[in-house]
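Asker: Dropping the structure in here first, questions after.
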Amino acid sequence: MSKLLEINNLSVTLPLPGGQLHAVRDVSITLNRGEALGIVGESGSGKSMSALALMRLLPQRALQTGKMLFDGTDLTGLSDAQYAQQFLGHRIAMIFQEPMTSLNPVYTIGRQLTEAAVQFGSYTPTAARARALALLDRVGIPDPKARMAQYPHQLSGGQRQRVMIAMALMLEPELLIADEPTTALDVTVQAQILDLLADLRREMGMAMILITHDLAVVAEQTDRVAVMYGGEMIEEGTAKSVMAAPAHPYTQALLTAIPRMDGPPRRLGAIPGTVPSLMTPPKGCVFAPRCGFVRPDCLEARPPQLGDADHQRRCVLSDADRPTSAPAAPIRTDHAEVSGGEAVIAARDITQVFTSRKGMFGPKHEIRAVDGVSLTLKRGETLALVGESGSGKSTLARIMLGLSLPTSGTVEMLGRPVADLAPLERAALVQPIFQDPYSSLNPRRTLAEIIARPLTLRGEDDPEACAAKTRDAMEMVRLPARMLHSYPSQISGGQRQRVAIARALVTRPQALVCDEPTSALDVSVQAQILNLLDELQTELGLSCLVITHDMAVVHQVADRVAVMLNGKLVEEGGCDSVLRNPSSDYTARLLAAAPQFRPDEMTAPPAQEATA
Amino acid sequence: MLKYILLRGLLAIAVAFTVSLAAFFLLNAATDPAQAIAGEDATQEVVETIRARYGLDQPLPVRYAQWLGGVLRGDFGESYYWHKPVAELVAERAGTTITLALSALFVTILIAIPLGAFAALNPNSWIDRVALGVAVSAQAVPNFWLGLIMIILFGVMMPIFPVSGDDTWRHFVLPAFVLGASSVPAVMRLTRTGLIEVMGADYIRTARSKGFRSGALLRRHALRNALLPVISVLAVQLGQKFGGSVITESIFAINGLGRLALESILGADIPTVQMLIFVFAIVFVAMNLVADILNAALDPRIRIG
């Protein structure tokens, strides 16, 4: 196989008001023709920045050093105009994370597909149109002719991503960079898009760089994997070898942080601390502050590159030094179904109809967001409500919280109709935790004020009692009391979600309704939050309704599962029985589509000891 | 779409009538038209005769109903001062004001959009700061003052342009600049923020990844999106130019609707004032409608729901 792309010692620095942000440091990547490389990392790891540097899409103020060779041509020597003309689109193309916003809303699909090919003289308008039609058909867009005349807002997210893929392939590039191509999509669509990319890559003999935070996706789709952390590439090798025998403590920890679908749920390997900000790069190893195996020499100098071309890492530990972590003990031997438990929240025959009008005088439209659903949350259990976007799961959650009244049907909390409960009584029974900790906390209040807010609303005016309860709540979510006077902007996403949980728990409610509590968080932080919720549930005997689209999260936390599709409940039952023997086709489809992470099934190559 | 335009058109007429109703009662409350027509030195007897002759002794609601009835038959009444049908009077002068308003809008576009675009493409550069300075000072400067300064600069110190009358295109240069300058700040800022937002949009990144650079990127992908809000503001600004013509036309002695409005207000020429207010209101509402239609035509998300 011949080398297609060689990036040597790439560094990207962004001058910010507070100093230099070292987004990428000394990263080297080699990619052969037709090969698929996965770049994995959490947010802020520098994985997207590396790709944007190659595409020359970095912000203007970014400083970039290092050497890039594409098929023997030195890219660093080319001007922006030369690079755009010779490489962008023709030899290197990219698709992005946000299909909803990545297409220009005011031009037709057809124009956007063909414009570059025509503008730069690769095709005549007629030929470009023919090629675009063929590609739309290939990426699975029905009736391509009609679609060419449509605008992006007339297409669904999945279709838009297919259009983006077709657009990237117009000029048959030799390298396709896909930056989180499926993160914004529903699970079933995600699987289709990933399969499509894999097929196209084989057909066209194209190399691919797949950037993602999802290790399961990487394990299924790529030949080689590079793991990035804190702007550095800390491990790189064949996908099999990295997934089955991770050599860097960070990769090891990350792999145990992923909820798995097989076996009983185990305590997740949460990495303590948070992803560092890279204003001042450390002298030693970037991961040292969070590493479980840290040694004095880790802090002294940057660790050497150990291993061979098939699998290398930046870590001082040799294979012999590195303790192999045994799988954690199961948190439950099996999903114990709470039978005959008292109903904390019972919803009966809930229907929610939304009406909307097109414009000021348009006809009325009715949408049945929730359609005749009955669901009961029993004491002490975790009930997972699963469905894709638009299934009505969040609407149902709002109704079960008592935040909105359904069009028809009743909700009872501890046997009393929610309509009869005063808002404060209701708030004492059930509390919400929302998806996005970045926007659900008031940025102008300190954490102490945020957490104590429910107490203030209840008229508890003894400041000392309030302060004591606030401190208790902080302790419950394992946050240090010294943070009480910080503002939300000063803490990380995981810490914010802990604050949201503390706020929910400060009045000691009977139940929590968590709407996608971890989907805005990184894998290692998700693990911390899921572990915390599990511990709190045991300590406090809480009942939890968890809304999620992630089947692995369901397996990790749920006792019972309810699956929603188009506003209707299509399946409900014990977690094990639903996940093992789904009775509805839709649940089976969701399960099949969920990327599954089973590194044990990958055959690990024999461990080799080699030096740099 | 047609139904929508029709409904909006009806709404515009309703607004115009409401405005005219309010104007009618306010005018009659503020001045005594009979006294104004007769002149300040006239005897009470003369005033009363005039009051009876013009029907001004009738109660206000009856007079409004009479005026409304006339309007519905296409008759806006006769000017007390010019002794001519008001419609004729307005028709004679409308052309001048339309010319002035359109050239003022042209001046606004010519200054504000390039300045806004330059500022957006070089945020926090010296161009940006100069543009911001221009915007702030243009917003702070009153129209009549700018008019007088222009007359001193280009009429007196450097007599390049005529400063009074409306005979040739040269007569319109200074008034169009003065009237147009008042809209520059709003339009420039909107262009700047719109373009900055669009240049950071994901679809611009997509276009870059396809190989489009600076000029082509701006022309083919950024401008149309950035100018969507600007176009609707421009249409509204054009409506405001008609109202703004009152001061500018008076300063530059242009015989248009604005000057007519000023003269008839001073002379308590109620039929003329009524018709002008009605026309200005219709123009303003119609321009808002044009803005909506333009937006729908340019933005497929509105056109195809």
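Asker: Considering only residues that are surrounded by fewer than 19 Cβ atoms within 10 Å (Cβ to Cβ), within 10 Å of another protein chain (Cβ to nearest Cβ) and among the small types (Gly, Ala, Ser), which ones fall in the range B:202-229?
Answerer: Once the filter is applied, which keeps residues that are surrounded by fewer than 19 Cβ atoms within 10 Å (Cβ to Cβ), within 10 Å of another protein chain (Cβ to nearest Cβ) and among the small types (Gly, Ala, Ser), the range B:202-229 yields B:SER214, B:ALA216.
Asker: Just give me the residues in the range A:469-508 being closer than 22 Å to A:VAL430 by Cα and assigned to a loop (DSSP other than H, G, I, E, B), in sequence order.
Answerer: Across the range A:469-508, the qualifying residues are A:VAL477, A:ARG478, A:VAL506, A:THR507, A:ARG508.
Asker: So, one more: I'd like to know if the range B:124-137 contains one or more residues that are among the charged types (D, E, K, R), outside any helix (DSSP H, G or I) and more than 19 Å from the chain's Cα centre (by Cα).
Answerer: Looking only at the range B:124-137, we keep the residues that are among the charged types (D, E, K, R), and these are B:128-129.
With the extra rule that they be outside any helix (DSSP H, G or I), the set shrinks to none.
No, the range B:124-137 has no match at all.
Asker: Here is a check on your reading of the model: is A:LEU171 more than 8 Å from chain B (Cβ to nearest Cβ), surrounded by fewer than 23 Cβ atoms within 10 Å (Cβ to Cβ) and more than 28 Å from the chain's Cα centre (by Cα)?
Answerer: Values: more than 8 Å from chain B (Cβ to nearest Cβ): yes; surrounded by fewer than 23 Cβ atoms within 10 Å (Cβ to Cβ): yes; more than 28 Å from the chain's Cα centre (by Cα): yes.
Yes, satisfied.
Asker: Restricting to the range A:225-243, give me the number of residues that are buried (at least 24 other Cβ atoms within 10 Å of the Cβ) and in contact with a Ser or Thr (Cβ under 8 Å, 6 or more places away or on another chain).
Answerer: Qualifying residue count for the region: 10.
Asker: Report every pair of residues separated by at least 6 positions or lying on different chains whose Cβ atoms are under 7 Å apart, first residue within the range A:448-472 and buried (at least 18 other Cβ atoms within 10 Å of the Cβ), second basic (Lys, Arg).
Answerer: Within 7 Å, the pairs are A:ILE450/A:ARG503; A:ILE451/A:ARG503; A:PRO454/A:ARG503; A:LEU455/A:LYS469.
Asker: Also, I was wondering about something else. Kindly check whether there is at least one residue in the range B:193-209 that is outside any helix (DSSP H, G or I), more than 25 Å from the chain's Cα centre (by Cα) and within 27 Å of A:ARG56 (Cα to Cα).
Answerer: If we filter the range B:193-209 for residues that are outside any helix (DSSP H, G or I), which is where we start, we get B:200-201.
Subsequent filtering for residues that are more than 25 Å from the chain's Cα centre (by Cα) retains B:200-201.
Of the ones still in play, those that are also within 27 Å of A:ARG56 (Cα to Cα) are B:200-201.
Within the range B:193-209 (the criterion being outside any helix (DSSP H, G or I), more than 25 Å from the chain's Cα centre (by Cα) and within 27 Å of A:ARG56 (Cα to Cα)), the answer is yes, since at least one residue qualifies.
Asker: Scan A:SER156, A:SER122 and give me the residue that is crowded, with 16+ Cβ neighbours inside 10 Å, out of contact with any helix residue (DSSP H, G or I) (no Cβ under 6 Å at 6 or more places or on another chain) and not aromatic (Phe, Trp, Tyr). Explain how you work it out, then say what you get.
Answerer: On the way: A:SER156 fails: crowded, with 16+ Cβ neighbours inside 10 Å.
Answer to the selection: A:SER122.
Asker: If A:VAL386 meets every condition in (1) surrounded by 14 or more Cβ atoms within 10 Å (Cβ to Cβ); (2) under 24 Å from A:GLY158 (Cβ atoms); (3) modelled with pLDDT under 90 apart from one, which number is that one?
Answerer: Only one criterion is unmet by A:VAL386, namely (3).
Asker: For B:VAL62, all conditions in the list (1) of a type in the set (A, V, I, L, M, F, W, C); (2) within 26 Å of the chain's Cα centre (by Cα); (3) loosely packed, with under 15 Cβ neighbours inside 10 Å hold save one; what is the number of the exception?
Answerer: Unmet for B:VAL62, out of (1) of a type in the set (A, V, I, L, M, F, W, C); (2) within 26 Å of the chain's Cα centre (by Cα); (3) loosely packed, with under 15 Cβ neighbours inside 10 Å: (2).
Residues are listed down the side, and each one gets a yes or a no for (1) in contact (Cβ under 8 Å) with a residue 40 or more places away in the chain; (2) surrounded by fewer than 15 Cβ atoms within 10 Å (Cβ to Cβ):
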site: B:TYR4; (1), (2): no, no
site: B:LEU27; (1), (2): yes, no
site: B:THR31; (1), (2): yes, no
site: B:LEU89; (1), (2): yes, no
site: B:GLY95; (1), (2): no, yes
site: B:THR108; (1), (2): yes, no
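Asker: Just to be sure I understand, how many residues within the range A:68-92 are within 11 Å of chain B (Cβ to nearest Cβ), in contact with a Lys or Arg (Cβ under 8 Å, 6 or more places away or on another chain) and crowded, with 20+ Cβ neighbours inside 10 Å?
Answerer: Counting residues in the range A:68-92 that are within 11 Å of chain B (Cβ to nearest Cβ), in contact with a Lys or Arg (Cβ under 8 Å, 6 or more places away or on another chain) and crowded, with 20+ Cβ neighbours inside 10 Å gives 4.
Asker: Something else: Under 6 Å by Cβ, and 6 or more places apart or on different chains, what pairs join a residue from the range A:385-409 that is basic (Lys, Arg) with one that is outside any strand (DSSP E or B) and surrounded by fewer than 24 Cβ atoms within 10 Å (Cβ to Cβ)?
Answerer: Pairs found: A:ARG398/A:SER404.
Asker: For the range A:96-114, enumerate the residues that are surrounded by fewer than 23 Cβ atoms within 10 Å (Cβ to Cβ) and more than 7 Å from chain B (Cβ to nearest Cβ). It would help to see each step written out before you state the result.
Answerer: Keep residues of the range A:96-114 that are surrounded by fewer than 23 Cβ atoms within 10 Å (Cβ to Cβ), which gives A:97-98, A:100-101, A:105-108, A:110-111.
Result: A:GLN97, A:MET100, A:TYR107, A:THR108, A:GLY110, A:ARG111.
Asker: So in the range A:118-142, with the set limited to residues that are modelled with pLDDT of 90 or more and of a type in the set (Gly, Ala, Ser), which one is farthest from A:GLN190 (Cα to Cα)?
Answerer: So the residue we want is A:ALA127.
Asker: Could you list, in sequence order, all residues of the range B:30-56 that are closer than 17 Å to B:GLU78 by Cα and either assigned by TED's automatic domain parsing to the domain that holds B:LEU266 or assigned to a loop (DSSP other than H, G, I, E, B) (or both)?
Answerer: Going residue by residue through the range B:30-56, those that are closer than 17 Å to B:GLU78 by Cα are B:33-34, B:36-38, B:50-56.
B:TYR54, B:GLY55, B:LEU56, listed by residue number.
Asker: May I ask you to list the residues in the range B:236-260 that are over 9 Å from the mean Cα position of the chain (by Cα) and in a helix (DSSP H, G or I)? If you could, list the steps in order and put the result at the bottom.
Answerer: Filtering the range B:236-260 for residues over 9 Å from the mean Cα position of the chain (by Cα) gives B:246-260.
Hits for the range B:236-260 are B:VAL246, B:ILE247, B:THR248, B:GLU249, B:SER250, B:ILE251, B:LEU257, B:GLY258, B:ARG259, B:LEU260.
Asker: Within the range B:261-305, can you find the residues that are outside any helix (DSSP H, G or I) and more than 14 Å from chain A (Cβ to nearest Cβ)? Quick ask: steps written out before the conclusion?
Answerer: Initial filter on the range B:261-305 (outside any helix (DSSP H, G or I)): B:267-269, B:299, B:304-305.
Answer for the range B:261-305, where residues must be outside any helix (DSSP H, G or I) and more than 14 Å from chain A (Cβ to nearest Cβ): B:GLY267, B:ALA268, B:ASP269.
Asker: Condition (residue is under 26 Å from A:ALA347 (Cβ atoms) and at pLDDT 85 or above) applied to the range A:592-601: is it met by at least one residue?
Answerer: In the first step, residues of the range A:592-601 are kept if they are under 26 Å from A:ALA347 (Cβ atoms); the result is none.
No.
The values are calculated or read from the model by the stated rules, or taken from the named source; none is laboratory data. For clarity, every value in this text was computed on a predicted model and none was experimentally measured. Neighbour counts are summed over all protein chains in view; Cβ atoms, including those assigned to glycine, are modelled from backbone coordinates with ideal geometry.
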